[in-house]
Each structure stands twice: as C-alpha cells, then as structure tokens.
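Report on one structure; see the data block that follows.
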Amino acid sequence: MEIRTVLTGPFPRSEPLVAATRDLDRGRATAEAVEARFAEDERSVVALESRLGLDAVTGGYLRWADLFRPFAEGWPGFTVGPVTRWFQTNTFFRQPILHAPPERIAGVVRSALPSTAAVPPERANVILPGPFTFAGLLDNRSGETREALTHRFGRLLAEDVRELRAAGYQRFQFQEPLLVVDPPTGPLAEATVAAYQSLGPAADGGTTIVWTYFGDAGPVQPLLHRLAVDVVGIDLAETEPEAIVPPPERRGIGLGCLDPRTTLAEDAGEVARIAKSLRKRGNPKELWLGPGGPLDLLPTDAAARKLHVLPAAKQILLGPEGVS
Amino acid sequence: MTSPLFPAQEIGSLAKPRWQLLGQRGEPLDAAAVQEFRSWNDRVKFADPASPELRGFLEGRPRALEPSAVRDLGALFALRYMEAAGLARVYDGEARRIEMYEYPVRQMHGFQFLGHVRSFDNKYYRKAANTGEIRLDRPYHVDEFDFVREHAAGIPKLPVTGPYTLADWSYNEYYLGRETGWKGRAARRHAQREFVVEIAKRAIRPTLAALIDHGCRVIQIDEPAAGTHPDEADIVAEGFNAATEGLDATFSMHICFSDYRSLFPALLEAKNCQQWAWEFANRDTEDRDGYEVLRMFQEYGDTREVGLGVVDVHRNEVESAEKVADRIRRAAKILGDPARIWVNPDCGLRTRSLDVAWQKLRAVVEGARIARADFERAG
C-alpha cells in the first residue's frame, strides 16, 4: 500500500498577507504590493509542503476568495451573490448565482491556479470544486435541473482537466463536502456518477481524487465507491473510523486526519492506528493522508503545526511495525 | 394604550467615525475628520463644538481630548445617531468595543489569542484557543451601559455576545483535550457542551447579573454562530438558559446568516428568550420569500416577538422605504400578529459607511411608518 501525504485545501494567509489584503481594501496598499505578498506567501507554503515531504504541493490557494469565485467571476452566466455560510463553520462564501446554463471559457481555471513558478504542474495537486457540490451550492436561476447542472459541470470541468493535463498537471482533486453533508439520492446520485464518468477519463492517466469533508461519509460510501476516481477522501472528524469500508480493488482511500476546527494537534500514533486498522479490513491500493477540511479555518502557525502530523504518521506507518 | 406597531431597534455595531479613530490614537484630526465631525454634529447634535476642549480637538491639537473622552464622545455620537434616525431601542453602536468576540474573551482567563482567520473575501477576525478553566476577570460592558443609561433618550438595549458563539468562534483545546481516544464527533460534541455551559455560567451570567443590577432591562444575546452546527441547536439553547435563567430582564437572541429551519425545534427550548432577532433581508427576493421561514414559528406554535431584519447590511444599495414596508407586511401576514414585530437591520451596520448606515436606518423607520399606517387604515 502506497502512503501519500498532501494538503487537500486552502492554507491560511499569513499575518503579513492578512494585513496587506486589509490595507488593499482600505486603499492603503497597491495591488502590486499585495500581489508581491501573495507570491511570497505562496512560495512559503510550497517550501513548507516540500520540507515536510508531502507528495504534492498546492501553494495554498491563497488568492481564491472561495472555492467557486474564479468560476463565478470568469465563466459566462454567473454573477457573484450574497455572503453565505460555508457549511458548519464561521466562514462564508459568496454564493454564485447562475442565470443561464453554464458555459466554460478556456484558460479561466488555469489562470486562477497558483503560479507554475511556485507550483510546477508535475508536482501540483490541483484543487477544484466537485460537480455535485458546485451545482448544489449555487443559486440556480438557469432553468436547468440540478441533475442536469451536476452532469454539465462534470463535462465542463473535464474540459479543464484535459487542458491542465496537456499542460503537465497530473493530480486533480475535487472538493465534495456536499456529497456527505446532503447526500444525493435517485436521479441526482446517478447524475453525480455520470459527472465523474466524464471527469475520470479526462485525467488521462493522471490521478483523480474526490475529497469529502464536513459530513459523515459512512452512509454515502456505496455511492462514493461508484465514482470514477482513483481516491476518495473521508473526514475522520465526522466519520467514525470503524464505519469506513475499504474501497474497491485498485482504488485508494484518503483519510482526512487533521481537524481544522481545533488547534489541538492530532496524535500521529492515533492516525497510524486508524490506518493500520483499515488495512486489516482491506488493502487499499493507496492511502492518502491529508487535512479533513480546509486548513484556512486555522491561523497559519496552528495549520503548519498540524501539517507536521502527516509525515509523522506516515513515518510510523512506514516503520518496522508499519503497513507499507 | 398599546405601543405603536413595528417599533424600530438597533441590532449591533456601527462603523467608528474617522475622528474617533484618530482621536483614540492621540493623533490630530485631519480635514476629512473635522468635516465628518461637523457634518454629523449638524445632523444629530451630539456635542458643543464651541466648548474649549472640543475646539482644541477640532483644531487638530493632539490630546486636546484624552482617548477615553474621545471614546465617550464616540458613544454619545452613536447614541444620538440612532435616536435621530428614529429608533425606539438604542445603544452606543458598540463604540468602545473592538468587535463582538475579542472584547469579551479578553475579559476572561483561560483563553489564548492566536492569529487571524478569514471570514470571507479580505475580512478576518482574531481567534483564541481555550487552553484552561474559564474565569471571569470582572463583569464587562457595565461602564459602557452606565454611560448609555445616563445619556439615552430612547430605551437602552444592550448587546452581549452569547456563550455558544464565544465557544464556537474559539478553538476548544482544554475541554476537547480532556476527551480520550480519537477526537471524533461524539467527543467533540461532549466537549463543546461543556465549553458552552462553562462560559455561560462562569462569564456571561455574572456579567448579565451585574448589568441588571445597574438598571439594564433589555439585553440582546448575540448568537451569530447558532446556525453553524444545526445538530448543536440544543446546546445553543442550553447555553442561553444557563446564562439567563432567573434573571429579570427582557432577553432577545440575535442570529444571522444561518439556515434557520435547521434550528427548529431545539432552539425553541431557550425559554427565557422573549424575542428572536434574525436576518432576513440578505436572503430576500422580489417575491419576499426571504421571510417564508417565519412560518416555522407558526408550525411550532411559538408566539414570541420577532426582531425582523428588513435591510441588508452587506450591500451599499439602500432599500426603499416602500420595500421595507412590503417586507414588514409579508412578515405580519405570515405571523398573523403584527404586534409581535420589531424592525431592525439584518445585523450590525459596521461594514457600511455612516452615510449608508444612516440611510438604511432611516429606511427601516420610514418603512415601519408606512406599514403601520397601512395596518391602522385597515383597522
């Protein structure tokens, strides 16, 4: 069983970047100065990810105002809507409003990704909204059904994956908190499966990951196992470890083992214990260890401390008593 | 004699004027700050600019007013601002507070402040970790209430951040750390209940008791985090009860930007709450469906007052008085009893300029007047 470690969502902005972006809003800083600060922070996150030996780097997605903003601002048919609570957190996103069936503009997603200078495509973990969560969280005034939208987002995002794959990107992670917070059933579940049937092959030999968080994945696993992806991530803060069913053969599993809702650092030994127990019940092809949700719910130092748990747990698993 | 329908009330903080921010830092006022001061003083009459201290302050002499006197003046300004706008229940715009979380937490032992966390876009707040047993240094908000009581023409209504919100906006290290094994859902919930009730009993309740001793009669418990974890609505209610039970005041609970439906019916167990002051305008459309959630009160037979959010605090576009009136009419129709409705902005207007906030408050008051006239005409 291969063990991989990765940052699975946005990393918090540093205190200097917080100050810079506030100054920008108050007219006390130039866009150029703030951009320079973003670039510096991005390099710092990559340096941290590299120092910890994570198997992919992200740059922390520091510029993204929320998971959907590049799409809401860059694709036709959208406007940026009201401030809306981001699941069960004290953070918010601006709900995209979709006024017409969505269309994709090539290059929008690529240009929103962390710079290739800091995050080389071959090392990158590209983090995108999953089609089910995207379709479910927007304010749909397009006239399309949610099922049709889910399916359509799968096809549109697949085009982005193809574009990025051609540019050398290899790992594509789709954020699907809504899949476990408000799981689909019936035609909506089938539309979700269909959406991933578009997405999976688009990666063309690359790795596709669905990362769920903020909800109990236990009851949703039969559906998660049907998604045409290589790895499914499960939030251990919400899902009882004993309820995790090993994935089908040739599939990997992700353990969201860092809880971004508390600064209390996890015990690497406990994480390793859960991973070992999972192996006893099945043998996933790959085990991915990552945060259970977005680490930008924490201040920078606490997030960095938590990230150290990933290589520590991996080390335990790789040791003489390990499972690999 | 019955009270007029749809009285208007404050709901939270206002932006601090530039002259207050400069003055508190001991910096001389610049031309914009002086202009702002004079312009608002012409409109809401909160100070005598001919007094020697104020003349020095307005002429840009540093420390012509001590920072504490500037804060007093800021509080008086906000008070007169609300009164001049026509609100029946008023406060000082939280002129002395940093914001609603950090200030109360800094009055308690057992917390350690960490860095900033992003709320949305480029908006952030500082967040503390609970690292030990909670102990209150001394009851807070008492001095500011004394000042308001002394100067208010309207009815003082004091906002206090609630125990659930203080807990939810903090990192729970101490109580969670006492749980054994993997810190999954069950452990988190157990630790959260303990944390909320301890804050309520050890910090909020003594503060409320002190405020009531000083004559405070209308208290708004702010629980913006109440909707964050719908499965913890019972803990919100438990914290509210632990903080308020047996205390003699009119208590309301303010919640905003939440899926209210998910809080029913557990939240209704907050027995000492007389008014639900919630945000609605942010989610409203031309069909007025932002107010449909009020049907839940009917469904569960809850007949308490509603503090109705009728203007959106996140947008500069000022609602027309007619739109506000229409929102009130819709709410009254759903609730079936217009006498249960107070009107207010969705939430504090701190993120709007004083000019925009003023126009929005005026729209609240004028919209209430229009709706009131309609109901009176209809008998």
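A simple spin-label model places pseudo-atoms 7 Å from Cα toward Cβ; at residue A:280 and residue A:116 they are separated by 4.8 nm. When chain A is treated as a GNM with alpha-carbon contacts under 10 Å, the residue of A:296, A:139, A:259 showing the greatest mean-square fluctuation is A:139. For chain A, the calculated P(r) over all alpha carbon pairs, in 20 Å bins from 0 to the bin holding the longest distance, is 33, 60, 7 percent. All distinct Cα pairs of segment A:123-214 go into the 1/r average, and the inverse of that average, the Kirkwood radius, is 13.1 Å. When chain B is treated as a GNM, springs tying every alpha-carbon pair under 10 Å, which of B:231, B:48, B:143 comes out with the largest mean-square fluctuation? Result for chain B, Cα springs under 10 Å: B:48 fluctuates most. Projecting label points 7 angstrom from Cα along Cα→Cβ for residue B:113 and residue B:269 puts them 3.5 nm apart. Charge tally for residue A:270 (other residues, Cβ to Cβ under 13 Å; Lys, Arg +1; Asp, Glu -1): -1.
Taken along the Cα-to-beta-carbon direction at a fixed 7 Å, the label points for residue A:267 and residue B:125 span 3.2 nm.
Each residue in A:93, B:113, B:240 was given a count of other beta-carbon atoms within 10 angstrom of its own, and listing them fewest first yields B:113, A:93, B:240. Each 5 Å bin from zero holds the following percent of Cα-Cα pairs in segment A:186-324: 2, 10, 19, 21, 20, 14, 9, 4, 1, 0. Neighbours of residue B:12, meaning other residues whose beta-carbon lies under 11 angstrom from its beta-carbon, give a summed charge of -3 when Lys and Arg score +1 and Asp and Glu score -1. Note on chain B: semi-axes of the ellipsoid equivalent to its C-alpha gyration tensor, largest first and rounded to whole Å, are 32, 29, 18.
The spread of Cα positions in the protein assembly as shown, taken along each principal axis and listed from longest to shortest, comes to 78, 57, 49 Å. Cα convex hull, segment A:3-46: 68 Å³ per residue, rounded to a whole number. Residue exposure proxy: A:126, A:245, B:105, ordered by other Cβ atoms within 10 angstrom of their Cβ from fewest to most, comes out as A:245, B:105, A:126. Counting neighbouring Cβ atoms within 10 Å and putting the fewest first, the residues A:211, B:19 line up as B:19, A:211. 3J(HN,Hα) along segment A:229-238, derived from phi through the Karplus expression 6.51 cos²θ - 1.76 cosθ + 1.60 where θ = phi - 60°, amounts to 9, 8, 9, 10, x, 10, 7, 6, 6, 10 Hz, with x in place of Gly and Pro.
Any read-out appearing in this document is the output of simple, stated calculations on the displayed coordinates, not a laboratory observation. The model shown is predicted, which means the values in this text are computed figures rather than measured ones. Neighbour counts are summed over all protein chains in view; Cβ atoms, including those assigned to glycine, are modelled from backbone coordinates with ideal geometry.
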